[in-house]
1. Among 218, 223, 174, 170, which is the only one that is touching a residue at least 60 places away in the same chain (Cβ under 8 Å), surrounded by 22 or more Cβ atoms within 10 Å (Cβ to Cβ), closer than 24 Å to residue 247 by Cβ and not aromatic (Phe, Trp, Tyr)?
2. Being among the β-branched types (Val, Ile, Thr) and under 47 Å from the mean Cα position of the chain (by Cα) is the filter; apply it to the stretch 579-623 and report the residue that is nearest to residue 426 (Cα to Cα).
3. Would you mention how many residues in the stretch 155-209 are closer than 24 Å to residue 297 by Cβ, touching a Cys at 6+ places or on another chain (Cβ under 8 Å) and not aliphatic (A, V, I, L, M)?
4. Only one of 289, 251 is among the small types (Gly, Ala, Ser), without any contact (Cβ under 8 Å) to a residue 60 or more places away in the chain, on the phi < 0 side of the Ramachandran plot and touching a strand residue (DSSP E or B) at 6+ places or on another chain (Cβ under 8 Å). Can you tell me which?
5. Please go through the stretch 244-272 and pick out each residue that is under 20 Å from the mean Cα position of the chain (by Cα) and among the aliphatic types (A, V, I, L, M).
6. Considering only residues that are more than 25 Å from residue 401 (Cβ to Cβ) and modelled with pLDDT under 85, look in the stretch 417-452 and name the one that is nearest to the chain's Cα centre (by Cα).
7. Scan the stretch 143-161 for residues that are surrounded by fewer than 18 Cβ atoms within 10 Å (Cβ to Cβ) and assigned to a helix (DSSP H, G or I) and report the count.
Amino acid sequence: MNAPLAQDWTIGNQQLLLAEFARLKQRLQAAPVLPASTASTASTVSPIDPAVAIIEAHKALGSESAIDWLTDAFGLTTFERDLLLLCAGAEMDGELASLCALAHGEPHRPWVSFSLALNKLDSPHWSALTPQRPLRRWRLLEVDDSAGLAAGRLRIDERVLHFLSGINELDIRLAHLLRPALTLPLQAASHAATTQAVTAALEAANNDSGQAIPIIVLEGDDLAAKEDIAARSADALGLQCLVLVAEDIPAGAEERAALLTLWQREATLLGAALLVLVAEPGTIAGEAARAFGDRVGGVCLLACPSAPTLTAKALRFGVNKPEGADRRQLWINALGPQASLRAGPELDRAASHFNLGSRAVQNIAQALQPALSLPAVEKSPAAIATSSPHNPLTPLWEGCRQESRGGLDNLAQRIEARADWHALVLPEAQLAVLRQIAAHLRQRFTVQESWGFAAQGSRGHGLATLFAGESGTGKTLAAEVLAHTLQLDLYRIDLSAVVSKYIGETEKNLRKVFDAAEDCGAILLFDEADALFGKRTEVKDSHDRHANIEVSYLLQRMEAYRGLAVLTTNLKASLDSAFMRRLRFVVQFPFPDQPQRRALWQRVFPPATPTCDLDIEKLSRLSMTGGSIRNIALNAAFLAADAGEPVSMGHLLQAAHAEASKRERPLADAETRGWA
């Protein structure tokens with residue numbers, strides 16, 4: 001009954017209904033009543049015995065009718081079957097409704113009552129309308145008991161009425177809550193194995209009639225793969241899979257019970273499995289989903305990040321985003337052999353760097369097919385072989401960046417990184433460390449995957465780095481240079497939004513940031529990190545204890561994070577020693593000396609800026625950091641533009657005094673002597 005109904009079956013099923021209605025009419029009156037289909041020719045055609053008509057309709061139908069299927073599925077007695085048919089006939093056959101009114105002796109009551117059914121139908125029993133019996137348990141009938149249970153109106157549920165007529169569609173009361181599960185064109189090897197395991201478990205439970213079907217719990221971070229596995233497993237059992245979001249499950253017990261009944265009836269009528277999507281197991285919605293799952297019965301799957309506690313029997317399967325060789329092979333399968341070959345080494349780097357789920361990989365691959373299928377004359381293999389992730393024109397890398405950044409965009413501020421190495425003025429030792437950091441990120445696939453370091457454990461793969469130095473010495477600029485060089489997204493983490501006074505909230509916020517960052521491999525910039533990562537205090541009260549827990553959790557996530565976390569501080573000495581041990585690199589940004597300040601002044605003005613008689617040597621004597629030098633140059637440019645003049649030493653002198661006033665330290669005469 002869950003398959004599309006053939007036209008000849010629908011016609012035969014309706015003919016059988018007419019014959020059943022004729023039989024019921026015969027029960028309600030003394031003389032036989034012709035079927036509705038033959039009423040117009042009654043003067044020329046002999047009356048047909050309804051019993052004979054039913055037999056002939058069954059023969060013509062050739063398979064089980066809707067009423068017979070429903071009777072078997074819900075375990076109806078003969079009386080309950082006829083009562084359901086009588087209620088359907090009162091809705092579909094005007095003559096049968098009129099006969100019900102005559103039987104009541106009241107013309108204004110053309111409907112079915114329980115007292116009418118008890119008096120007119122075979123094998124009556126009072127228990128047919130008890131709440132535990134199928135008619136009311138599965139809401140096949142609705143009872144208006146305002147006039148009493150016996151005299152009140154009985155009405156067939158609209159969904160059941162349509163089913164009896166041969167229309168098997170989702171109940172309109174569930175249509176806004178349920179949707180078909182989406183499948184993916186391809187599966188990663190690990191997900192295909194999980195699909196086979198889930199299908200085997202469900203088939204074994206179905207074959208063992210003495211055992212309840214267990215709830216299948218799919219836990220992990222690849223939501224699309226979990227939905228795909230549920231749909232494929234249900235299809236293997238001959239079922240369709242419908243999806244319910246946990247937030248749509250009522251929190252109230254009564255409303256939840258009503259939804260549960262409707263779904264259980266729908267699962268029987270449609271032949272369907274249910275997949276419940278749980279975003280957070282510990283939330284109110286998660287608890288509602290857990291309570292719902294405990295009682296749902298049938299084939300039910302829960303998809304959640306971590307497994308909830310269930311009282312019902314459950315089988316748990318991990319479904320995470322494909323990793324390592326599994327993800328690389330999914331990329332190759334999604335792109336196809338030719339496009340994968342054209343992607344060249346970029347494919348390995350992207351597969352290693354971006355922790356993308358199954359759907360994201362296939363969406364990107366589909367979008368890139370035209371670009372990666374260009375004729376060789378337009379995109380030569382040599383050009384592909386020399387492509388690199390810091391080339392902004394590589395479509396695969398850019399596609400991965402766009403697809404993976406969505407989660408982190410909602411949690412942190414993305415900085416548009418445009419600065420290159422030329423903008424960075426530092427001693428050679430510091431530049432060498434920064435280039436080493438870039439090399440670590442660029443060669444991560446080779447070292448971690450190809451050379452086997454990733455197999456040694458998940459800890460210590462990250463590049464937690466500390467940038468220490470005064471404000472304005474280039475810490476944030478250096479992070480921008482790394483992001484621009486490697487074509488990675490750079491996000492500044494707002495510490496005021498991360499740290500919470502409520503116990504456990506800081507860890508929760510940090511977990512969201514790091515989990516989202518794992519997908520895109522972004523560079524995380526924690527500005528003024530000493531505000532959060534200061535020395536852990538001696539435990540004197542519960543606040544100290546929980547503050548230390550927050551720091552410990554952060555250290556653990558930093559060590560496990562596979563990307564680059566840049567922590568900036570003005571006070572290196574304030575950081576905890578255990579925290580320092582977990583850092584891969586520490587870069588000290590010194591206050592610039594005069595040669596460095598000279599280089600900063602030489603680079604601070606864009607080529608298009610008009611200048612007049614600037615003395616770089618005199619400017620370099622000004623004891624300022626690179627950030628302050630940039631502020632002075634920018635403010636002087638505005639002063640010159642407003643005066644309609646090129647930037648001169650006079651404008652710079654005025655801007656320098658304004659910058660010094662911010663620090664409440666006036667400039668020494670020796671620093672600005674001869675400027676104007």
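The values are calculated or read from the model by the stated rules, or taken from the named source; none is laboratory data. All values derive from a computational prediction rather than experimental measurement. Here the Cβ positions follow ideal geometry from the backbone for every residue, glycine too, while neighbour counts run over all protein chains shown.
1. Details: 223 fails: surrounded by 22 or more Cβ atoms within 10 Å (Cβ to Cβ); 174 fails: surrounded by 22 or more Cβ atoms within 10 Å (Cβ to Cβ); 170 fails: surrounded by 22 or more Cβ atoms within 10 Å (Cβ to Cβ).
From the options 218, 223, 174, 170, the qualifying one is 218.
2. Keep residues of the stretch 579-623 that are among the β-branched types (Val, Ile, Thr), which gives 586-587, 604, 609, 611, 616.
Okay, now just the ones that are also under 47 Å from the mean Cα position of the chain (by Cα), so 586-587, 604.
Values: 586: 14, 587: 11, 604: 15 Å.
If we take residues in the stretch 579-623 being among the β-branched types (Val, Ile, Thr) and under 47 Å from the mean Cα position of the chain (by Cα), then 587 is nearest to residue 426 (Cα to Cα).
3. 1
4. Exactly one of 289, 251 is among the small types (Gly, Ala, Ser), without any contact (Cβ under 8 Å) to a residue 60 or more places away in the chain, on the phi < 0 side of the Ramachandran plot and touching a strand residue (DSSP E or B) at 6+ places or on another chain (Cβ under 8 Å), namely 289.
5. Of the residues in the stretch 244-272, the ones under 20 Å from the mean Cα position of the chain (by Cα) are 244-249.
Across the stretch 244-272, the qualifying residues are 244, 245, 246, 249.
6. Keep residues of the stretch 417-452 that are more than 25 Å from residue 401 (Cβ to Cβ), which gives 425-433, 451-452.
Going one step further and asking which of them are modelled with pLDDT under 85, we end up with 451-452.
Numbers: 451: 33, 452: 31 Å.
Result: 452.
7. 5
Residue-wise test of (1) in contact with an Asp or Glu (Cβ under 8 Å, 6 or more places away or on another chain); (2) assigned by TED's automatic domain parsing to the domain that holds residue 518; (3) buried (at least 20 other Cβ atoms within 10 Å of the Cβ); (4) at pLDDT 95 or above.
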| residue | (1), (2), (3), (4) |
| --- | --- |
| 227 | no, no, yes, yes |
| 233 | no, no, yes, yes |
| 249 | no, no, yes, no |
| 284 | no, no, no, no |
| 291 | no, no, no, no |
